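The structure under discussion appears below in the form of structure tokens.
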Amino acid sequence: MVKQETIVLGGGCFWCTESVFVQVRGVLDVESGYANGHDPAPTYEAVCTGQTGHAEVVKLVFDPTVIDLRQILLIFFATHDPTTPNRQGHDVGTQYRSGIYWTDAAQAEVARALIAELGAAGAYDAPIVTEVQVLGLYHPAEDYHQDFFARHPGHGYCLAVAAPKVAKLRRAFTDWVR
């Protein structure tokens, strides 16, 4: 029987984060969605206003006997900028904040320890601002957002933003690419 854990990650636009993690060995499912806002049924249009409090996220289901949470988080930190509050590149707003939304208290410990380790090592030119919070409200994104990069690889945003993140995954984490 396959063991499964779930973690929710906000690394800016969910199309980019999803495009990376669907290619990671040991990740069983990736779903784009919205987390930790106050609207129980958010829409993309509402989240984009910044008024719902949600972050664009991906919900990852993974097999911890294949890939552990620390490795997932190393990939997460390497494929987005965890030092810019409410921003990833040209995407600006609270919905683009960097976040780790845990489903088990042990996940929070792993996340906080790794953030401290990266900070102590000077891995970035600025402090990591990734929020680490228990997963509150979660809602899947609309169907047209699911598997967006795979279905629209020639889309301008995918070419300019998601594709370089996938290329970085393939260069830096070759052992973890399916």
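The values are calculated or read from the model by the stated rules, or taken from the named source; none is laboratory data. Everything numeric here is computed off the predicted structure, so don't read it as measured data. With ideal geometry, Cβ positions are generated from the backbone for all residues, glycine too; neighbour counts draw on all protein chains shown.
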Exercise for the section: Confirm whether Gly37 is in contact with a His (Cβ under 6 Å, 6 or more places away or on another chain), crowded, with 17+ Cβ neighbours inside 10 Å and within 24 Å of Ala172 (Cβ to Cβ). Expected result: no
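Filter the range 3-16 for residues that are part of a strand (DSSP E or B) and not β-branched (Val, Ile, Thr); which is farthest from the chain's Cα centre (by Cα)?
Keep residues of the range 3-16 that are part of a strand (DSSP E or B), which gives 5-11.
This time we only want the ones that are not β-branched (Val, Ile, Thr), so: 5, 9-11.
Working: Glu5: 15, Leu9: 3, Gly10: 4, Gly11: 4 Å.
Ranking the qualifying residues of the range 3-16, first place goes to Glu5.
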Practice task
Answer yes or no as to whether His145 is within 21 Å of Tyr96 (Cβ to Cβ) and more than 16 Å from the chain's Cα centre (by Cα).
Solution key: no
Exercise for the section: Any chance you could count how many residues in the range 40-49 are surrounded by fewer than 17 Cβ atoms within 10 Å (Cβ to Cβ) and either among the acidic types (Asp, Glu) or under 18 Å from the mean Cα position of the chain (by Cα) (or both)? Expected result: 3
Practice task
Would you check which residues across the range 89-111 are part of a helix (DSSP H, G or I), crowded, with 24+ Cβ neighbours inside 10 Å and either among the polar types (S, T, N, Q) or at pLDDT below 95 (or both) and list them?
Solution key: Gln95
Exercise for the section: Hey, could you check the range 91-118 for residues that are without any contact (Cβ under 8 Å) to a residue 12 or more places away in the chain and in contact with a helix residue (DSSP H, G or I) (Cβ under 9 Å, 6 or more places away or on another chain) and say which is nearest to Leu169 (Cα to Cα)? Expected result: Ala113
Completion exercise
Exactly one of Pro85, Pro42 is over 17 Å from Leu137 (Cα atoms) and part of a loop (DSSP other than H, G, I, E, B), and that one is Pro85
Practice task
State whether one or more residues within the range 87-102 are aliphatic (A, V, I, L, M) and under 15 Å from Gln133 (Cα atoms).
Solution key: yes
Problem - Residue among Ser19, Ser32 that alone is under 20 Å from Ala163 (Cα atoms), assigned to a strand (DSSP E or B) and of a type in the set (S, T, N, Q) - result: Ser32
Practice task
Please find, within the range 112-128, the residue that is surrounded by the fewest Cβ atoms within 10 Å (Cβ to Cβ) out of those that are within 23 Å of Glu56 (Cα to Cα) and among the aliphatic types (A, V, I, L, M).
Solution key: Ala126
Fill in the blank from the handout: Here the residues within the range 54-76 that are closer than 26 Å to Pro42 by Cβ and buried (at least 16 other Cβ atoms within 10 Å of the Cβ) are His54, Ala55, Glu56, Val57, Val58, Lys59, Leu60, Phe62, Ile72, Leu73, Phe76
Problem - Residue in the range 157-171 that is modelled with pLDDT of 95 or more and more than 17 Å from Glu18 (Cα to Cα) present - result: yes
Handout entry: Restricting the range 129-145 to residues that are not in a strand (DSSP E or B) and not small (Gly, Ala, Ser), the residue that is surrounded by the most Cβ atoms within 10 Å (Cβ to Cβ)
Key = Thr130
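Out of Ala126, Ala116, report the one residue that is assigned to a helix (DSSP H, G or I) and either at pLDDT below 95 or more than 18 Å from Cys16 (Cα to Cα) (or both).
None of the others qualify; the one that does is Ala116.
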